Amino acid sequence: MFIDSRQLDPAARIDATVCIIGGGVAGLTIALEMERLGIATCLLESGGFHPDDATRDLYRGSDIGLPYRFADGCRSRYLGGSSNCWGGWCRPLDAWDFAARPWIPHSGWPFGIEELAPYYLRTHAVLRLGPQNYAPDYWAAAIDRADVRRLPLTSGKVRDTISQFSPPVRFGTLYRGDLMRSQHVRVYLWANATGLTAARDGNSLQQVEAATLDGRKFSVKARFYVLASGGIENARLLLASNGVQRAGLGNGNDLVGRYFMDHPRMLSGRVDFQPAWRRNKLYDIKYHYQNAAVAAGGTQIAAQLALSEPTLASEGLLNARVWFCSTFPGEGSAAAAALFRYKQAVLKKDQPGWRPLQDAAMMARHPLDTLGYGVTRLLQPRCLIRDVRFQAIVEPEPDPRSRVTLSTTERDALGMPRVRVDWRLGGNVQRTFDRTLAIIGAELERSGVASVTLDPPIEGGAWPASLEPEGTWHHMGTTRMHDSPRHGVVDRHCRVHGVGNLYVAGSSLFPTAGANFPTITLTALALRLADHLGAVARHADAAPARRHSAGVMV
């Protein structure tokens, strides 16, 4: 059921077996599993069913490292969380992403891909994906179109990989009915966690303090707590909860907020395809993204290029994914940007501040840009393409200096310190961009697919203004997982070291990020955590929590 927290009794206390903080992908996945297991659960969601400016403002902070946008349009603070602005890309991490690689300091997960394999399988139902098959041969045969063909990659240095697209699932919409009908899960809307109150010895969490933006305060007492507020907010709440441990809860080794990661991406180089390959849609983001022509059995896919595991090891590189990006007529114009926002609206993507009438007027004032961009995207005539570039995303190095901290001067409307994000990228990220594109470019020329012109190398210097990396808004690493509390915030079961009943969910757990999209992996981790919570709660008192008379169902 849903409850409007703004109408709770003053100073109300909510009791549950499990308290989940955050109603995004991880939080809702766990909540739905708790319902299935019959475990009394409350979930605190900061927003309501739709975005609002006052709640959105709670996300704002400052970037003090590489230029980095992490608030408006990058995260969504209402039911469904970042699934409201998600593009739908899904692919499990590569097996070697879990390994400790000698050339990547601080790399390695506490377990291998075999631990997540059964949970990756279960994510396909949650995320509405197709068969758990990511083999390029399978999809090329299933689609069987002349304009959807695999590239001839024969050197062994380059491989092609497949991603599937979720519709994409908007969790707050798709699963709202299940949550409304739930017997064991209560979702408190407009409920902001403002502090985690620990026992005097710091070894357990006693309750969560919460507040609404209209000034109502209440608390939650549970046996187990799950922090599922995202890669930035998880760290923020732990750091701000410093009533017992001055540096923040779970931060005895100064690790909370460190190792902040995002996947940098860049456009680079030029690709001139030979005629036989100019119409191939499989590897070009302008043609394979959510395209029914690149689909089989109702599952839309995309292909990316990557280096083989032996090549990564011999070159000492980070993982990366590369695809082509065609440039359309009108690209980069205000009219094209306006048309693209309309497409995002069709996909029901959260776009803070979007003004449809102004965008319509912009397109009307610039009909050539609008038609050129729109017709090319719709009808896909190759003759109108201006050029083709590489687009690459690279695995970030785990860097303890890349971190989320709290402002000492700025607070939000709830009195919480705002965040400061210091995003840093090490030198191997630049070298990985350079070498990955060079090796892939040589492969394309060797195989007769295309001639390639590379941009000047960027390794060893400042990021060029024209090539400054843009994040993909994959906030990871700030509560990293490690068996030792000296190297991680949580253990292999996602439990905060030293705090017996506090767990963390989401991509903030990732020790390394790979070069794949994090949603499917964080969902797998959430399903795994739900199974663990079910086991440890089996002997706990699972009686339904007391229902407050002032709790108003929404």
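Values as computed for the structure displayed
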item: Cα centroid of segment 185-236 to Cα centroid of segment 513-531, whole Å; result: 23 Å
item: Cα centroid separation, segment 53-112 to segment 116-131 (Å); result: 20 Å
item: Within-15-Å neighbourhood charge of GLY130 [Cβ basis; K, R +1; D, E -1]; result: +3
item: Förster-model FRET efficiency, 25 Å R0, ARG411 and HIS493, C-beta, rounded to 0.05; result: 0.15
item: Span from the segment 248-288 Cα centroid across to the segment 483-499 one, whole angstrom; result: 29 Å
item: Over the chain, relative contact order from alpha-carbon pairs under 8 Å, at least 6 apart, %; result: 26 percent
item: Relative contact order %, segment 1-127, counting alpha carbon pairs below 8 Å whose residues are six or more apart; result: 18 percent
item: Student exercise, segment 1-45 dipole from Lys, Arg, Asp, Glu Cβ charges, in Debye to nearest 20; result: 40 debye
item: Trypsin sites (Lys or Arg not before Pro) within segment 181-249, DSSP loop, no more than 13 other Cβ atoms inside 10 Å; result: ARG181, ARG200, ARG246
item: Net charge of Cβ neighbours under 13 Å - reference LEU533; Lys, Arg +1; Asp, Glu -1; result: +2
item: Charge-dipole axis of segment 435-513 as Lys and Arg at +1 and Asp and Glu at -1 on Cβ define it, positive-most pick from ALA450, THR479, ALA513; result: THR479
item: Cβ-derived FRET efficiency at R0 56 Å, ALA334 paired with SER314, nearest 0.05; result: 0.75
item: Backbone HN-Hα couplings from phi across segment 507-512 [Karplus 6.51/-1.76/1.60, Hz, Gly and Pro as x]; result: 6, 5, 6, 4, x, 9
item: Degrees separating the helix 113-126 axis from the principal Cα axis of the chain, which is the longest one; result: 90 degrees
item: Approximate spin-label separation ASP483-ASP178, in nm, with each point projected 7 Å along Cα-to-Cβ; result: 3.4 nm
item: Theoretical FRET efficiency, 1/(1+(r/R0)^6), r = Cβ-Cβ of ASP272 and ARG69, R0 35 Å, to 0.05; result: 0.60
item: Crossing angle, helix 519-537 versus the chain [Cα axis fit, 0-90 degrees, rounded to tens]; result: 30 degrees
item: Approximate spin-label separation ARG341-LEU357, in nm, with each point projected 7 Å along Cα-to-Cβ; result: 1.4 nm
item: Among 367-375, 447-455, 297-305, the order from most to least packed when residues are scored by Cβ within 10 Å on average; result: 297-305, 367-375, 447-455
item: Separation of the ARG386 and ASP9 label points, Cα + 7 Å toward Cβ, nm; result: 6.5 nm
item: Extension gain, SER451 back to ASN253 (0.36 nm per residue minus Cα-Cα distance, nm); result: 66.2 nm
item: Placed amide H near GLU410: partners under 5 Å, 5+ positions off or other chain; result: ARG418
item: Local electrostatic count, ILE301, Cβ distance below 11 Å [Lys/Arg +1, Asp/Glu -1]; result: +2
item: Aspartates and glutamates whose Cα lies under 18 Å from that of LYS217, excluding same-chain neighbours fewer than 8 positions away; result: ASP4, ASP9, ASP15, GLU45, GLU209, ASP412
item: DSSP-assigned coil residues among trypsin sites (Lys or Arg not before Pro) in segment 26-105, each with at most 12 further Cβ atoms within 10 Å; result: ARG69
item: Segment 192-328, relative contact order in percent, only Cα pairs under 8 angstrom and at least six apart counted; result: 14 percent
item: Test item: Cα-centred dipole of the chain, Lys/Arg +1 and Asp/Glu -1 on Cβ, debye; result: 800 debye
item: Residue-wise HN-Hα coupling along segment 172-180, computed from phi with Karplus coefficients 6.51, -1.76, 1.60 (Hz; x: Gly, Pro); result: x, 9, 4, 9, 5, x, 4, 6, 4
item: Farthest positive-ward along segment 272-332 dipole, Cα basis, beta-carbon charges - from GLY330, PRO275, ALA293; result: ALA293
item: Highest to lowest packing among 323-329, 347-353, scored as the average C-beta count within 10 Å; result: 323-329, 347-353
item: Cα gyration tensor shape of segment 351-460, rounded if a/c is under 1.5, else prolate or oblate by comparing a/b with b/c; result: oblate
item: Reciprocal of mean inverse Cα separation for the chain (Kirkwood radius, Å); result: 24.3 Å
item: 26 Å Cα-Cα reach of LYS349 towards lysines, excluding residues that sit fewer than 8 places from it in its own chain; result: LYS281, LYS286
item: ASP284 long-range amide H proximity, modeled H, under 5 Å; result: PHE324
item: Principal-axis tilt of helix 427-446 within the chain, Cα atoms, nearest 10 degrees; result: 40 degrees
item: Furthest towards positive pole of dipole, LEU237, THR311, ILE113, structure part the chain, Cβ charges; result: LEU237
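Read-outs throughout are calculated quantities, based only on the coordinates presented, and are distinct from any laboratory measurement. Since the structure is predicted, the reported quantities are computational estimates derived from the model, not experimental observations. FYI the Cβ positions are ideal-geometry reconstructions off the backbone, even for glycines, and counts take in every protein chain you see.
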